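Trainee: The structure follows.
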Amino acid sequence: MNLDFTQFIPSMPYILEGIYVTLKIVILAGILGFALGIILSLFKISKFKFLGWFADAYTSIFRGTPLVLQLMLIYYGSPQLIGYQIEPYTAAILSFALNSGAYISEIIRAGIQAIDKGQQEAAMALGVPYTKMMWDIIMPQALKNILPALMNEFITLTKESAIVTTIGVMDIMRRSYQVGAENYSFFEPLLIAGLIYYVMVVILTFLGKAVERRMRRSD
C-alpha cells in the first residue's frame with residue numbers, strides 16, 4: 001500500500017469546515033424531526049382513527065423507502081412540484097426531518113404506551129385536561145425512558161447525513177472527495193472523513209450517556 005497522508009495536511013482545514021455544515025443539517029433536521037415525531041405519535045394514540053391511519057401511513061412510507069430516494073425526490077423533483085429548485089441545503093434538512101420524524105414517532109409512541117395507564121386514569125379522574133396531562137405528566141416520563149433510543153436515532157442521522165454529497169452539499173464527504181480529486185488519490189481523504197464521522201459519533205454517544213445519567217439522578 002502506497003499511502004501518503006502528509007500531502008493532505010494543507011487541505012485539513014477545508015475538510016474540517018464540513019463538520020459545521022453537517023452539524024447544522026443534523027441539528028435542524030433533528031429538531032424538526034423530533035417535533036414532527038411528537039405530533040405523529042399523538043396521532044397514533046388518538047381516539048380519532050383517521051389521525052392514526054394518517055400517521056401509520058406516513059410512517060410506513062418513510063420507513064419503507066430509502067432515505068436517498070426521499071432526498072432526491074425533494075431536490076430533483078421540486079421544479080416539477082412547486083415550480084422552482086429548492087436549495088440543496090434546504091432539501092437535505094427537509095428530507096432528513098421528514099424521515100427522522102417517522103422513526104421518532106414510533107419511539108415516542110412506544111414510550112408513551114409504556115407508561116402505566118393508571119396515571120392517565122388518575123389524571124382524568126382529577127379533571128386534568130388531556131393536553132396538560134400529556135405535556136406535564138406522561139411525556140416527561142416517556143422521554144426519560146426513550147432517551148437512549150432517541151440518541152441512537154440522532155447518531156444514525158449524523159452518519160446518514162453523508163448522502164447529501166449526492167446533491168452537492170459541501171459536507172465532510174463532499175469536501176473529502178474534492179480533495180481526493182485534486183490530488184488524484186481518494187483513499188486517504190476518505191479515511192480522514194471516516195475518522196471525523198467516527199469521532200463525532202463517539203462524542204455524541206458520550207454526551208448521550210452523560211445526559212441519561214443526569215436524568216436518572218434527577219428521578
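The values are calculated or read from the model by the stated rules, or taken from the named source; none is laboratory data. Fair warning: this is a prediction, and the values are worked out from it, not measured in the lab. For neighbour counting, all protein chains shown are included, and Cβ atoms are generated from backbone atoms with ideal geometry for every residue, glycine included.
Trainee: Please go through the range 1-50 and give me each residue that is part of a helix (DSSP H, G or I), polar (S, T, N, Q) and surrounded by 12 or more Cβ atoms within 10 Å (Cβ to Cβ), ordered by number.
Mentor: Matches in the range 1-50: Q7, S11, T22, S41.
Trainee: Moving on to the next point. Got a sec? Which of Q7, Q113, Q80 is of a type in the set (S, T, N, Q), in contact (Cβ under 8 Å) with a residue 12 or more places away in the chain and farther than 23 Å from L195 by Cα?
Mentor: Being of a type in the set (S, T, N, Q), in contact (Cβ under 8 Å) with a residue 12 or more places away in the chain and farther than 23 Å from L195 by Cα holds for just one of Q7, Q113, Q80, which is Q113.
Trainee: Check off (1) modelled with pLDDT of 95 or more; (2) out of contact with any helix residue (DSSP H, G or I) (no Cβ under 6 Å at 6 or more places or on another chain); (3) under 22 Å from I172 (Cα atoms) for Q70 and give me the number that stays unchecked.
Mentor: (2)
Trainee: Name the residues in the range 25-56 that are without any contact (Cβ under 8 Å) to a residue 40 or more places away in the chain and not hydrophobic (A, V, I, L, M, F, W, C), would you?
Mentor: If the condition is that a residue be without any contact (Cβ under 8 Å) to a residue 40 or more places away in the chain and not hydrophobic (A, V, I, L, M, F, W, C), then S46, K47, K49, G52, D56 are the ones that fit.
Trainee: Sticking with this structure for a sec: Is it fair to say I93 is at pLDDT below 95, in contact with a helix residue (DSSP H, G or I) (Cβ under 7 Å, 6 or more places away or on another chain) and part of a helix (DSSP H, G or I)?
Mentor: Criteria not met by I93.
Trainee: Another question, if that's okay. For the range 138-194: of the residues being outside any helix (DSSP H, G or I) and surrounded by 15 or more Cβ atoms within 10 Å (Cβ to Cβ), which is farthest from the chain's Cα centre (by Cα)?
Mentor: S185
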